[in-house]
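Presented below is the structure to which this report refers.
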Amino acid sequence: MFFRPYSGEKLCRKCFCESVENKVKATIAKYGMLTFNDKIMVAVSGGKDSLALLYILNKIEKGFPKAKLCAVTVDEGIRGYRDEAVKLAKQAFAELAVEHVIVSFKELYGYTLDEIAEITRERAKGLTPCAYCGVLRRRALNMAAKKAKATKLATAHTLDDEAQTFLLNLFHGNVWRIARVKPLTDEAHPGLVQRIKPMCEVLERETALYAYFKRIRFQSMPCPYAETALRNDIRAMLNRMEEKHPGIKYTIFRSIERLRDALEKAVEKESLGVCQICGEPTLGRTCKVCEMLHDLSIG
């Protein structure tokens, strides 16, 4: 029996799993994330959230014969960590007969994340490995989705991730980013595949339990670089608050929704151009990826 403190529900294993699947379906419908003939690329890291999303979307899409599901795994090049995750992702793809690709930082950018971490450590200044990883992963996923001719790119961001990102933007002073971070992104540029977050209203602990009940094998070891990120401290703080005040993460999410509506009306939409170096969509003359790679190369 599973007890949800924020709602007072007591659910058996079967009802709990159905409730998580129904939350995902309701979120997809609420934001109009999918159409009947979409080609959906799922970003699968090998962790609990992304593998749970893959299984749920695979189940949903069986009812839509014209829709197609494929997947991508990004190998950042983290020794002793990413190897296991890639292996588990491959096993899931084979079990579900889902077409998939694996893209690596080394092939795309010439560096593994371990090598980037070593460079930044030697300089004793600059961005954390997580800051590089976030930007480079987003580009890698978009490139893979474009190559696969996907119409939607699904990521396994949970309710926890959304609340953490909101607070990160506040702490960093990036208030206007709140208007751009959405469950369904705008069609901002032909070179950007629309992103969807079908699990954005599901708690992270519930995706873990769903994966356990469904006997989904996933990587449980945390990323070795996670401790260097501010997000890790925010995660711990939010978990403590949720323990004391059940439902606080949902309250934050509803606040984000209201703030986003107000911010979108207040801020003028920025038009994207293309990077003068790589040709990918960007707001400025050069994109963040090219700036980062240049910074790494100059020593």
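The values are calculated or read from the model by the stated rules, or taken from the named source; none is laboratory data. The shown structure was predicted, so the numbers you read here are calculated from the model rather than taken from an experiment. In this analysis, Cβ positions are derived from the backbone assuming ideal geometry, glycine residues included, and neighbour counts consider all displayed protein chains. Please note that ligands, DNA and RNA were not included when accessible areas were found on the heavy atoms of the full protein model with its side chains. Shrake-Rupley method; radii C 1.70, N 1.55, O 1.52, S 1.80 Å.
Residue 252 contributes about 30 Å² of solvent-accessible surface, heavy atoms of the protein only, 1.4 Å probe.
The 1.4 Å probe gives accessible areas that order 3, 105, largest first, as 3, 105.
Using the Cβ of residue 149 as centre and a radius below 12 Å, the other residues enclosed give a net charge of +3, where K and R count +1 and D and E count -1.
Rg/Rh for the stretch 143-299 stands at 0.99; both radii use Cα atoms, and Rh follows the Kirkwood definition. Treating each Cα of the stretch 45-181 as an identical point scatterer and summing with the Debye formula, the log10 of I(q)/I(0) at q = 0.11, 0.16, 0.17, 0.18 Å⁻¹ comes to -0.49, -0.99, -1.10, -1.20.
Relative to the longest principal axis of the Cα atoms of the chain, the long axis of helix 288-297 makes an angle of roughly 50 degrees. Measure nothing fancy, just the Cα-based angle from helix 204-213's long axis to the longest principal axis of the chain, in degrees from 0 to 90, nearest 10. Taking the Cα atoms of the chain, the angle to 204-213 is about 60 degrees. The reciprocal of the average 1/r between distinct C-alpha atoms defines the Kirkwood hydrodynamic radius, which for the chain equals 20.3 Å. For the stretch 147-299, carbon and sulfur atoms together expose 54% of the accessible surface, with a 1.4 angstrom probe and every protein chain in place.
Pairs exceeding 25 Å between alpha-carbon atoms, taken from 147/182; 59/269; 197/288; 25/244; 66/288; 39/288: 59/269; 25/244; 66/288; 39/288. Mean separation of Cα pairs under 8 Å and 6 or more residues apart, divided by the residue count, gives the stretch 65-119 a relative contact order of 46 percent. Sorted largest first, the spans of the alpha carbon positions of the stretch 1-116 along the three principal axes are 49, 36, 27 Å. Out of all DSSP beta bridges with both ends in the chain, state the antiparallel percent to the nearest 5. DSSP beta bridges in the chain are roughly 25 percent antiparallel.
By the equivalent-ellipsoid construction on the alpha carbon gyration tensor, the stretch 192-234 comes out with semi-axes of 21, 19, 12 Å, ordered largest to smallest.
Relative to the longest principal axis of the Cα atoms of the chain, helix 230-244 runs at roughly 20 degrees.
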